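These notes are about the structure you will find just below.
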Amino acid sequence: MTVKTVRHLFEQTTLSYAEIRERTGVCEPTISHWKRSYGWTRPPLAPRSSCDVPLWRAGPRQKLSTLTVRLLAIAERMVRELEDNPDTDLDTLMRAFQVVKMAKLAAQGNRRRWAFLGPSRTGQQTLAQDQAIRAALKDMRRGGVDIDRAPKEALDLVIDANLPPEQDHPALRERGKRRL
């Protein structure tokens with residue numbers, strides 16, 4: 001009976017996970033587990049779990065977490081390839097080592113202050129993006145990563161995770177208002 005009730009509240013109402021927990025007594029992680037296991041979907045305007053938010057809309061912590069997981073997967077794949085290949089060349093070994101360093105730095109988190117608070121000004125978005133890329137690469141160099149030997153796939157992930165959020169994305173605009 002409880003699973004049926006939770007499913008009804010989850011799929012038919014716009015209640016948050018906390019409100020569903022209050023009504024049914026089932027905790028949020030269990031609701032999330034049932035959602036994944038049974039393939040439940042939320043109504044369009046219902047609040048989402050933070051792990052279900054699209055990456056372009058995710059906050060800095062979620063982006064950093066996703067970046068860490070992806071870099072670790074790349075590093076593990078490269079190490080497996082090195083272990084499977086009996087004659088390993090030095091360049092491949094160094095590239096794998098650079099990815100491991102990048103994953104370690106990403107797992108430590110971003111300790112510097114965010115320079116992109118407040119509304120963007122005209123012409124500042126491109127400048128902010130360039131500064132974010134420079135800062136990400138500078139942090140990698142400070143951490144001992146050799147940018148020239150790091151795989152392009154890993155560098156692209158680091159750069160994407162450090163870009164400032166889009167200010168005028170269609171999904172973030174209020175409904176009914178037109179852009180002039």
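For this structure, a couple of remarks:
- Index of the failed condition, P54 passing every other in (1) closer than 30 Å to A106 by Cα; (2) surrounded by 13 or more Cβ atoms within 10 Å (Cβ to Cβ): (2)
- Test for T66: is it modelled with pLDDT under 85, polar (S, T, N, Q), in a helix (DSSP H, G or I) and surrounded by 13 or more Cβ atoms within 10 Å (Cβ to Cβ): yes
- Residues in the stretch 24-40 that are of a type in the set (S, T, N, Q) and more than 24 Å from the chain's Cα centre (by Cα): 1 in all.
- Listed by first and then second residue, the pairs with beta-carbon distance under 7 Å, at least 6 apart or on different chains, first residue in the stretch 70-96 and assigned by TED's automatic domain parsing to the domain that holds G144 and touching a residue at least 60 places away in the same chain (Cβ under 8 Å), second loosely packed, with under 14 Cβ neighbours inside 10 Å and in a helix (DSSP H, G or I), are I74/E153.
- Residue in the stretch 106-129 that is modelled with pLDDT of 80 or more and out of contact with any helix residue (DSSP H, G or I) (no Cβ under 9 Å at 6 or more places or on another chain) present: no
- Residue count for the stretch 1-50 satisfying the condition of being part of a helix (DSSP H, G or I) and under 21 Å from Q62 (Cβ atoms): 10.
- Considering the stretch 4-19, the residues that are among the β-branched types (V, I, T) and at pLDDT below 90 include one that is farthest from the chain's Cα centre (by Cα), namely T13.
The values are calculated or read from the model by the stated rules, or taken from the named source; none is laboratory data. Since the structure is predicted, the reported quantities are computational estimates derived from the model, not experimental observations. Positions of Cβ are generated from backbone atoms using ideal geometry, with glycine treated the same way; all protein chains shown enter the neighbour counts.
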